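Enquirer: Would you mind keeping the following structure in view while I ask a few things?
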Amino acid sequence: MHKRAVLRFDGTLEQGFRVTLEISDIGAPVFTEVSGGLPAAVLLSAELKHWQKSYRASLGQSRITLEAISLQTGALSQIEACKTSAKKIQSLLKQWLSAPEFQPIEGRLRDVLSPNEFIEILLKSSDPQLHRMPWHLWDFIERNPNIELSISSPSERLTTVKSTHERVRILAVLGDRRGIDTDADRQLLQQLPNTELVFLVEPSRQELHQHLWEQAWDILFFAGHSQTEENRGCLNLNPTESLTLEELNFGLRKAISRGLQLAIFNSCDGLGLAYDLEQLHIPHTIVMGEPVPDFVAQAFLKEFLKAFANGFHLQISIRQAREYLQGLEGDFPCASWLPTTFQNSATASLTWQDLAKPIEKTAPKWSKLRAIPLAMAVSITCTSLVAGTRYLGLMEAWELGGYDRLMRLRPAENIDSRFLIVTVTEKDIQNQNQAGEPGSSSLSDRSLAKLVDKLGSKGFEPAIIGLNIYRSNEVDKNNAVLAERMKNSKSLLGMCKVSSPDPHDVGIGQPPEINPEQIGFSDIIGDDDRVIRRHYLAMSDIPPRSKCKADLGFGLQIALGYLEKKGIEWDFSIPHIYKIGNLTFPVLAAHTGGYQKNRLQGEQILLNYRATPDLVSFAPQVTLEYALSELKPEEVKDKIVLIGTVAAARYGEFNQTPYESIPPVVLQGQMASQLLSAVLNGRLLIGTWPTWIEIIWIGGWSFAGGLLIVLCRRPLHLALAALVEIAILTGICFGLLQLGYWVPLIPSIIGLSGSASLAAAIDYRRYATRTTIKQSAEILIDRSKNA
């Protein structure tokens, strides 16, 4: 979408103008409106008339009637007079447009319109002198290369329709050729791509009317002699016959109603022709505002058609051709002043592509068969690029993001009733401090002693007590009973921390009273976005300086302690193989799934969170205050009791997950719950395919994307089909994740989309090349016939 600026001039040069500026996006309501004015410009008006007289006197051979073609005495002096007058007009025009009354208009144009975007400027005025004005000399237009001013009538009706032709249909009328070379125009038109040309050479009025009436055209072109008399245009069709456009009124109306978009009159003095066509509401008209030399007319047509057929907007094509004409002004003064564009304000700017259906619609049926090896070739190319890019780890962030989205789509699960989490809240910490119970951590020795004593009471007897609180210092001497129970308990598990991102850190030591075999490390590994997606099972290389010597993770220790009481054994004797009961856990290796950066130290598995409606509440929870006063035996019997703080503001941030942030005690519980659920309940773990299978998977979807070109020739259909395939791919990946397989989603989407786009581009280029060759052959045949 581009912008349009409409300048409305009410008045005359002799009396001055009231000017209104309206700016809008094409097809949208006006969003800026400014009023201003311009003073009377009597000198400018007089100089315009003087310039017109001296310009016409300076012409030699030109596309005017033969009676007007003559070299007058003193032609060189008239050329100099024309140039002098043109300079005066340029100076007077700039001075006039610098008037204070006009500055709000120009200032708003500069503020709102970007010089880097194409902008339509339409001039609406009934003063013919404004139509002949050299507006391209306005400073604002000179400094903005994407602007060309067009004349527009006050009427905003549009009676034409969009073209339904597969080629651009041009009716080229080569009128009275006496004294001029219209064959040059013919040759330029024949070089246009994707066209269907019909030439009428010096036709009769009846012949021209018949072609306008009976067939649909996109462009009407005229080369020959024409003139304007009292604002009415007149064409010389042949040496004996001329007519006004009013005499072709019904034929032109019929052509416009069937889709005529553009009329080009590469002939002299065509403003009257443009005025007549405006009354018929044609979208676009190009004329020469004054008599035009034959050489200038041909040069303009050549540069205009070259730009227009290459995809530039109509107005920009005219501007490029106009600027080219400036190089001829040594011999042909003011040549760049001649081209004038008229545009119906009810239509948008025109491009060559707007004049015909997309080329893809005419592709021959046999090309579908040839598209199959094309699909194979592009799929192999795209698969190789995607696999290589993925191997370098450049897609990891995208893959992990896609993995998170699929995880969040899974249906909710029931809570794990094997667990009870005792949370130490901010209120619990304040209560301990008020009671004079300072401790080495968030849980004081006295409160821990009370809790352990209660959990050890008859009837409570939990299976495992997991202390998810760092206690690297010894128990206070006043709590000798607590120290003794911690040493003798086979159910109490503690934790320590091996290291942190600080290279000088020595970690956090383990509780001195707990048996080292009942200690697990709390270290976790997040991805670059700090999200925890993996369970760190075991650590093979513990730094010698670390105070923590545990080689198994805290969550794993909890699960093993619980399973031991169920009589389930495990075997970790084979490196990188973790077998618990009859289940072997899929340990991640380098270049596994979406992890392609070779940084998977230690033994890790993907963490399959128990996706309860509230991830934090995956298991029953009570506060420390409740546990010490109201806890019942049935809430604890044979369960795993995890004790940990949830006061994030005091003891650090929560852990990020694909779902939400959770406290560390909940994260460790999720890890232990995953292991227990897999061993005891058959809950699926999440694994990946071997690399070679993943490459085949990506390649298959890349081939499916390339194969779309066989079924879908239209860009819209191709895009919709690709979206359907992507939706199917996403659904399959989600279903496989439900079955425990994380398969490549994002790389497959990239491969599918890339193959479809590349195959379509290659197929289009092939067909366009065949079309160009065919058209070139047709042109050669046509020229040989004419010869």
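Enquirer: Can you tell me which residue is farthest from Arg408 (Cα to Cα) among those in region 700-750 that are open to solvent by less than 20 Å² (accessible area, probe 1.4 Å) and of a type outside the set (A, V, I, L, M, F, W, C)?
Expert: So the residue we want is Gly706.
Enquirer: Just name the residue that is least open to solvent (accessible area, probe 1.4 Å) out of those in region 273-295 that are acidic (Asp, Glu) and over 20 Å from Ala346 (Cβ atoms).
Expert: Glu290
Enquirer: Moving on. Quick test of your reading of the structure: Arg545 fulfils all but one of (1) within 29 Å of Gly456 (Cβ to Cβ); (2) assigned to a loop (DSSP other than H, G, I, E, B). Name the failing condition by number.
Expert: Every listed condition holds for Arg545 apart from (1).
Enquirer: Filter region 476-503 down to residues that are modelled with pLDDT under 85 and either charged (D, E, K, R) or within 17 Å of Glu461 (Cβ to Cβ) (or both), then give me how many there are.
Expert: Matching residues across region 476-503 total 3.
Enquirer: Restricting region 229-256 to residues that are modelled with pLDDT of 90 or more and among the polar types (S, T, N, Q), which is nearest to Pro128 (Cα to Cα)?
Expert: Within region 229-256, the match that is nearest to Pro128 (Cα to Cα) is Thr244.
Enquirer: Follow-up question, since we're still on this one. Mind listing whichever residues of region 561-601 are among the hydrophobic types (A, V, I, L, M, F, W, C), in contact (Cβ under 8 Å) with a residue 40 or more places away in the chain and within 21 Å of Ala463 (Cβ to Cβ)?
Expert: Matches in region 561-601: Leu563, Ile568, Ile580, Leu583.
Enquirer: Okay, moving on. Collect the residues in region 369-416 that are among the acidic types (Asp, Glu) and assigned to a helix (DSSP H, G or I), keeping them in residue-number order.
Expert: Glu396, Glu399, Asp404
Enquirer: While we're looking at this one, here's another question. For residues that are on the phi < 0 side of the Ramachandran plot and modelled with pLDDT of 90 or more, scanning just region 530-545, find the one that is surrounded by the most Cβ atoms within 10 Å (Cβ to Cβ).
Expert: Here the answer is His535.
Enquirer: Looking at Thr612, Thr592, Thr584 in this structure, which one is of a type in the set (S, T, N, Q) and in contact with a Ser or Thr (Cβ under 9 Å, 6 or more places away or on another chain)?
Expert: Thr592
Enquirer: Being more than 12 Å from Asp185 (Cβ to Cβ), open to solvent by 10 Å² or more (accessible area, probe 1.4 Å) and part of a helix (DSSP H, G or I) is the filter here, so list the residues in region 296-312 that pass it.
Expert: Glu303, Lys306, Ala309
Enquirer: Just to be sure I understand the filter: pairs with C-beta atoms under 7 Å, separated by 6 or more residues or on different chains, first member in region 741-755 and touching a residue at least 60 places away in the same chain (Cβ under 8 Å), second member crowded, with 24+ Cβ neighbours inside 10 Å and of a type in the set (Lys, Arg). Which pairs pass?
Expert: Pro747/Arg390
Enquirer: Continuing with this model, one more query. Take Ala611 and tell me if it is modelled with pLDDT of 90 or more, among the small types (Gly, Ala, Ser) and more than 30 Å from His504 (Cα to Cα).
Expert: It is false that Ala611 is modelled with pLDDT of 90 or more, among the small types (Gly, Ala, Ser) and more than 30 Å from His504 (Cα to Cα).
Enquirer: To continue, here is another question. Looking at this structure, is Tyr536 assigned to a loop (DSSP other than H, G, I, E, B), touching a strand residue (DSSP E or B) at 6+ places or on another chain (Cβ under 6 Å) and of a type in the set (Phe, Trp, Tyr)?
Expert: Taking the combined requirement at face value, the residue does not satisfy it.
Enquirer: May I ask you to verify whether Val622 is buried (at least 19 other Cβ atoms within 10 Å of the Cβ) and out of contact with any Cys (no Cβ under 9 Å at 6 or more places or on another chain)?
Expert: no
Enquirer: Do you know which of the residues in region 622-674 that are of a type in the set (D, E, K, R) and touching a Leu at 6+ places or on another chain (Cβ under 8 Å) is farthest from Gly466 (Cα to Cα)?
Expert: It comes out as Glu660.
Enquirer: Could you please find all residues in region 677-711 being more than 29 Å from Gly581 (Cα to Cα) and of a type in the set (Val, Ile, Thr)?
Expert: Ile695, Ile696, Ile698, Ile709, Val710
Enquirer: Can you tell me how many residues within region 485-494 are open to solvent by 60 Å² or more (accessible area, probe 1.4 Å) and touching an Asp or Glu at 6+ places or on another chain (Cβ under 8 Å)?
Expert: Residues in region 485-494 being open to solvent by 60 Å² or more (accessible area, probe 1.4 Å) and touching an Asp or Glu at 6+ places or on another chain (Cβ under 8 Å): 2 in total.
Enquirer: Among the residues that make up region 730-741, is at least one of them under 29 Å from the mean Cα position of the chain (by Cα), in a helix (DSSP H, G or I) and modelled with pLDDT under 90?
Expert: no
The values are calculated or read from the model by the stated rules, or taken from the named source; none is laboratory data. The model shown is predicted, which means the values in this text are computed figures rather than measured ones. In this analysis, Cβ positions are derived from the backbone assuming ideal geometry, glycine residues included, and neighbour counts consider all displayed protein chains. Ligands, DNA and RNA are stripped out before the accessible areas are found, and what is left, the full protein with its side chains, is counted by its heavy atoms. Shrake-Rupley method; radii C 1.70, N 1.55, O 1.52, S 1.80 Å.
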